[in-house]
Amino acid sequence: MGNLAFGLQTHGQRLSDDVYLQQQITWGRLSAIAGGRFVHNSAFGNTGVPRVALTWQALRGGEVFSGTRLRFSYATAFKEPRLEETFNATDLFNIANPGLRPEHTRAFEAGIQQNLEQGKYVFTATYFNNLFHDQINYVEVDPINFVGEYQNVNKALAHGAEAELQARLKSRLLLTTAYTYTSTQILDNPAPINSLYNVGEPLLRRPRHSATLLLSYLGSRWGANLSGSFVGRRPDSDFLGFNIDHAAGYARVDLGGWYAVRPRVSLYANVENALDRRYNEVVETSC
């Protein structure tokens, strides 16, 4: 692949075949979903990707505490490099890396769901732990000429907790709010080219604190929603030698709505960043 406007290309071909299998079982208060994916890739060989999720109703509850569920899940993932990351020739500022390895992830979650007042309120708390092997990151290899390359970070960890509360304020009015705390760290990288990927450094563009809020109204012919999101300060880089090492936190408000003109015809309208606040999801620079 490549852009013919940039001369010599790095060519390559990759074929992939996948097989999926999943089974769901319910036994009393216990529910289980188990499955997996078998991947045969012409470049990376054979890989098995299992996953399982368990839910147990610990307490049926009454009027106030109306149901307690414990949840656990374990999953693995396999993600091959994008073609432009491996065989990149789309511009003069990126170097192809045919030796790029696929990403592997091991993830598990454990949590509790507590219903209150017969489901009027639902509180959920979850701990998550994700271990990444060979995570793909963009690395600057020639800061003078602004040339970079996609490379693997050998081992990294992201873990934290999430709390969510759903409240049915009225029969047609629902409020959902959530907060997430995330801690990340590079655990192993024997020969980092850039100090951003030294052992002990956090993963880029992963905020430690983030939160969301969604207020929704669902009518018979129309609906509307008001959403807010907060993303805290997070590690980042300009990759151009300007010593920018983080992206500032931001808050954003969005609006949306729909109206059913006819049974099969509806109009939708959405306004993103309704307060017109300036923010960057990632570091942006101009030369």
| said: Residues that are over 30 Å from PHE93 (Cα atoms), open to solvent by 60 Å² or more (accessible area, probe 1.4 Å) and part of a strand (DSSP E or B): does segment 133-147 have at least one? | reply: no
| request: Determine whether GLU84 is open to solvent by less than 70 Å² (accessible area, probe 1.4 Å) and acidic (Asp, Glu). | output: yes
| query | If you scan segment 194-212, which residues turn out to be small (Gly, Ala, Ser) and within 30 Å of LEU174 (Cα to Cα)? | reply | SER210, ALA211
| message | Looking at the structure I just gave you, is LEU174 over 30 Å from GLU85 (Cα atoms) and either open to solvent by 50 Å² or more (accessible area, probe 1.4 Å) or modelled with pLDDT under 80 (or both)? | response | yes
| message | Anything in segment 22-36 that is in contact (Cβ under 8 Å) with a residue 12 or more places away in the chain, more than 16 Å from PHE78 (Cα to Cα) and either assigned to a strand (DSSP E or B) or in contact with a Cys (Cβ under 8 Å, 6 or more places away or on another chain) (or both)? List them, or say none. | response | GLN22, GLN23, LEU30, SER31, ALA32, ILE33, ALA34
| With respect to TYR74, is the statement that it is hydroxyl-bearing (Ser, Thr, Tyr), open to solvent by 40 Å² or more (accessible area, probe 1.4 Å), under 19 Å from the mean Cα position of the chain (by Cα) and more than 28 Å from ALA53 (Cα to Cα) true? | no
| request: Taking ARG69 as meeting all but one of (1) at pLDDT below 90; (2) under 21 Å from GLY160 (Cα atoms); (3) open to solvent by 40 Å² or more (accessible area, probe 1.4 Å), write down the number of the exception. | output: (1)
| task | Sort out which residues of segment 95-112 are aliphatic (A, V, I, L, M) and surrounded by fewer than 18 Cβ atoms within 10 Å (Cβ to Cβ), and write them in order of number. | result | ILE95, ALA107, ALA110, ILE112
| Pick from segment 22-57 the residues that are in contact with a Leu (Cβ under 9 Å, 6 or more places away or on another chain) and loosely packed, with under 14 Cβ neighbours inside 10 Å: which of them is nearest to TYR121 (Cα to Cα)? | LEU30
| Of the residues that sit in segment 221-237 and are in a loop (DSSP other than H, G, I, E, B) and surrounded by 15 or more Cβ atoms within 10 Å (Cβ to Cβ), which one is modelled with the highest pLDDT? | GLY232
| said: Given the condition open to solvent by 50 Å² or more (accessible area, probe 1.4 Å), at pLDDT 95 or above, within 22 Å of the chain's Cα centre (by Cα) and closer than 24 Å to ALA156 by Cβ, answer yes or no: does some residue in segment 186-209 qualify? | reply: yes
| request: Just give me the residues in segment 247-273 being assigned to a strand (DSSP E or B), touching a residue at least 24 places away in the same chain (Cβ under 8 Å) and open to solvent by 40 Å² or more (accessible area, probe 1.4 Å), in sequence order. | output: ALA251, ARG252, VAL253, LEU255, TRP258, TYR259
| Considering segment 231-276 alone, what residues qualify as being of a type in the set (Phe, Trp, Tyr), under 30 Å from ASN194 (Cα atoms) and in contact with a Gly (Cβ under 7 Å, 6 or more places away or on another chain)? | PHE239
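The values are calculated or read from the model by the stated rules, or taken from the named source; none is laboratory data. Fair warning: this is a prediction, and the values are worked out from it, not measured in the lab. For neighbour counting, all protein chains shown are included, and Cβ atoms are generated from backbone atoms with ideal geometry for every residue, glycine included. Side chains included, ligands, DNA and RNA excluded: accessible areas come from the protein's heavy atoms. Shrake-Rupley method; radii C 1.70, N 1.55, O 1.52, S 1.80 Å.
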